[in-house]
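The values are calculated or read from the model by the stated rules, or taken from the named source; none is laboratory data. Quick caveat: nothing in here was measured; it's all calculated off a predicted structure. Cβ placement follows ideal geometry from the backbone for every residue including glycine, while neighbour counts extend to all protein chains displayed.
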Amino acid sequence: MKLEDLAGQCGEWLRGSGPESDIVISSRIRLARNLADFPFVRKCTLQDRDSIEGAVREYLHENEAFREVTYLDVDSLSSVDRQFLVERQLISRELSDGDGPRAVAVDAHEKYSLMVNEEDHLRLQVMNSGLDLTSAWDQINALDDILEKKVTYAFHDRLGYLTACPTNVGTGMRVSVMLHLPALVITRQIEKVFRSLQKISLTVRGLYGEGSQAMGDFYQISNQITLGRAEEDLIAQVSDVVPAMIDYERRAREFLIKESQKDLHDRVSRAYGILCTAQTISSEETMMLLSSVRMGVNLGLIEDVEIPTINQLFIHTQPAHLQKLRGIELDTVDRNIERALYLQRHLRRQDANGDAEKN
Amino acid sequence: MPMKCQHCEKPATFHITELTGSKPDELHLCEYHARTYLSQADEIENETPTLAGVLAQQLKLGQTAQELERLDQQACPVCGITFYEFRQHGRLGCPHDYVAFEKELEPLIVNIHGESSHDGKHPKRVASSTDKRTDLIRLRREMKEAVESEDYENASMLRDQIRKYET
C-alpha cells in the first residue's frame, strides 16, 4: 500500500460511525514501551537507533499478525508525506519533526500504528471510530503481547513499564476520546467543563494536541495519570466522563435550538453557503465552518449533506492532504484556491445528487 | 430600558447561561464583569502538575544551592546521564535511571501520579535478568568511548563481551 492510496481513504477515526458518533469522533489508546537492552531514545547513538529500528522491522516482517502493515522509514519521507501522516493522526508531530532513524508501521485499515524511535522506542496506538474503548484495549493488549514475544521490555517490579519521561511510567498508557463540542463553545461552557475535568486528573487538548484553541471544536480528553491504576481502571476513568460530556453538549444544543433557533439556523446556513461558494479559503476557516455545518446536519438544519462527507472534508482539506490528493506541491495561496475548489466539488455534487433524486 | 449588569450600573452586554449546574443559570454582565467572570477560568487552569513545574518546585524545597549542585552532578553508571541533564530536558537516559536516581525520582513520581507503585499489566515473559540487559547498555557505551579514545585493545575486549551477552 502506498501513501497515495491512504489519501483517498477516510481513515478509521473519521469514518463517522460507531456509538454516539454525532458527538464522539473516535476512541484511541496508546502504549509506550522501551527495549530493556538499549538506552532511551535521547541517549541512543545513531547505531543504537538503527539496531532498534532494524530489529522491529524484521520482526514485523516475519510475523503473520503484521502481514498487512505498511512500514515507512520516516527519515526518508518528504515533508509533505510526514505532514500527511500527522494530519491523519498516524504519527506524532514529534516523530515527524525529529531526526535520525525512525519509522512507523501502519495497519492497512488504519486501526493501529506503531511508531519506532519516537520519545520511547515503541509507541503503539489503536484507534476506533465512535465511543469504543473496550475493543481498542482488547486489540492493543493483544498486539502488545505479540510484540513482547520477541522484544524484552524495560520493566521494573514496582514501577511497571519504564518510559523516557516519568509522566508515562507504570502502564505507559494514554486513553483518549475525541469529542466534537461546538455548542459548548458557542454557549461559552467549554472552559468550565474543562476545569472540572482537570480536577479529576483528566487533560483536554485540541485535535492535533494543541492547547486551548481547538481546531474545528474537536477536543481530546485523556488520562493524566499512568501509574498505580490498572489499565481497565484508567479506561473507565476516561469513559465514565464521556456520557456527561455528551449530555452537556446535547443540552447546549437544545438550549440553542430553543432560545435562538433563527440565529443558529442562520449561522449553520451561512457556514454552508461560504463553504459551497468560496473561491479561496484557509484551513482554519474551513475547519471552523465545517464544525458549524456538522452540528447543523446533526440537528437536521441542513439536509443535503451526510456526516461521513463532512468528516472526510475535515481531513481532506488539511494542507498535506490537499497536496497528496492533487498530486503536486502547492504553496499557501494555491492551497487556499485548491481547497475552495475541492469543497465546491464535494458539497455541490451532493446537492446535485439530492436534486436528481427529488426529481 | 436596557438590562443592567448584575454587579454594577452599566448596561449588561453579555448574557451568559451556565449549563454545568443542575439547572441553567443566567448571568447578565457588563463587558468588564463578563471579562472578570470568564477569566476566572484561566487563573486556576494549570492545576494539573506539569513535569517541569513539579521538578522546579520539588528542588526549591529543602535543598541548598550546594546540595542541588551535588545532586545535579550525580550520573547514572549505565548511560552516563547526569541529573542536571534530566532536569534540563525532562527525559531520562536509560531504564537504569529509575534505580540510579530512585531517591530523587520517588517524590516526583508521587507528585505526578499520586501513587508510587504499578498496578496493571505485567509482561508475560519477565526479563531473564534486568542486570544483564543494563550491562549491555553500559558495555556498548564503554566500547564507543574506547573507540573514540583510540583504545582499540579495550574496545575489542568489550566487543567480545557484548557478543557473549547478545547470544
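Assorted remarks:
- Residues in the stretch B:123-155 that are under 25 Å from the mean Cα position of the chain (by Cα), more than 7 Å from chain A (Cβ to nearest Cβ) and modelled with pLDDT of 85 or more: B:Arg138 only.
- Of residues in the stretch B:110-121 being facing another protein chain (nearest Cβ under 7 Å) and either modelled with pLDDT under 90 or part of a helix (DSSP H, G or I) (or both), the one surrounded by the most Cβ atoms within 10 Å (Cβ to Cβ): B:Ile112
- Filter pass, A:Val242 being among the aliphatic types (A, V, I, L, M), in a helix (DSSP H, G or I), under 21 Å from the mean Cα position of the chain (by Cα) and more than 14 Å from chain B (Cβ to nearest Cβ): yes
- Subset of the stretch A:162-192 that is within 20 Å of A:Phe314 (Cα to Cα) and β-branched (Val, Ile, Thr) - its residue that is surrounded by the most Cβ atoms within 10 Å (Cβ to Cβ): A:Val177
- Flag for A:Ala136 being modelled with pLDDT of 95 or more and closer than 30 Å to A:Gly54 by Cβ: yes
- Of all residues making up the stretch A:71-105, the number that are of a type in the set (Val, Ile, Thr) and surrounded by 23 or more Cβ atoms within 10 Å (Cβ to Cβ): 3
- Apart from one condition, A:Ser282 fits all of (1) buried (at least 19 other Cβ atoms within 10 Å of the Cβ); (2) under 23 Å from the mean Cα position of the chain (by Cα); the exception is (1).
- Scanning the stretch A:17-60 for residues that are buried (at least 21 other Cβ atoms within 10 Å of the Cβ) and in a loop (DSSP other than H, G, I, E, B) yields A:Ile23, A:Asn34, A:Ala36, A:Asp37, A:Phe38, A:Pro39, A:Phe40, A:Cys44.
- Residue check, A:Leu31 within 14 Å of chain B (Cβ to nearest Cβ), within 18 Å of A:Val104 (Cα to Cα) and touching a strand residue (DSSP E or B) at 6+ places or on another chain (Cβ under 6 Å): yes
- Each residue in the stretch A:217-253 was checked for being touching a Gly at 6+ places or on another chain (Cβ under 6 Å) and surrounded by fewer than 17 Cβ atoms within 10 Å (Cβ to Cβ), and 1 pass.
Okay, residues lined up against (1) touching a Phe, Trp or Tyr at 6+ places or on another chain (Cβ under 6 Å); (2) part of a helix (DSSP H, G or I); (3) under 26 Å from A:His180 (Cβ atoms); (4) acidic (Asp, Glu):
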{"position": "A:Leu85", "(1), (2), (3), (4)": "no, yes, yes, no"}
{"position": "A:Leu90", "(1), (2), (3), (4)": "no, no, yes, no"}
{"position": "A:Ser96", "(1), (2), (3), (4)": "no, yes, yes, no"}
{"position": "A:Arg123", "(1), (2), (3), (4)": "no, no, yes, no"}
{"position": "A:Thr134", "(1), (2), (3), (4)": "no, yes, yes, no"}
{"position": "A:Trp137", "(1), (2), (3), (4)": "no, yes, yes, no"}
{"position": "A:Leu147", "(1), (2), (3), (4)": "no, yes, no, no"}
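Let's see how each residue does on (1) surrounded by fewer than 16 Cβ atoms within 10 Å (Cβ to Cβ); (2) out of contact with any Pro (no Cβ under 8 Å at 6 or more places or on another chain):
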site	(1), (2)
B:Leu71	no, yes
B:Tyr84	yes, yes
B:Gly90	yes, yes
B:Glu104	no, yes
B:Pro123	no, yes
B:Arg141	no, no
B:Ala146	no, yes
B:Met157	yes, yes
B:Glu166	yes, yes
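- Picking from residues in the stretch A:111-159 that are of a type in the set (Gly, Ala, Ser) and more than 9 Å from chain B (Cβ to nearest Cβ), the one that is nearest to A:Pro39 (Cα to Cα) is A:Ser113.
- Where B:Gly90 falls short, out of the listed (1) within 7 Å of another protein chain (Cβ to nearest Cβ); (2) farther than 21 Å from A:Ile225 by Cβ; (3) in contact (Cβ under 8 Å) with a residue 12 or more places away in the chain: (2)
- Hey, B:His96 within 14 Å of chain A (Cβ to nearest Cβ) and either in contact with a Gly (Cβ under 7 Å, 6 or more places away or on another chain) or exposed (fewer than 13 other Cβ atoms within 10 Å of the Cβ) (or both) or not: no
- Residue match in the stretch A:203-225 (condition: among the basic types (Lys, Arg) and free of Cβ contacts under 8 Å to residues at least 40 places away in the same chain): yes
- Only a single criterion out of (1) facing chain B (nearest Cβ under 10 Å); (2) closer than 21 Å to A:Gly130 by Cβ is not satisfied by A:Arg229, namely (2).
- Hey, A:Gly130 touching a His at 6+ places or on another chain (Cβ under 9 Å) and crowded, with 19+ Cβ neighbours inside 10 Å or not: no
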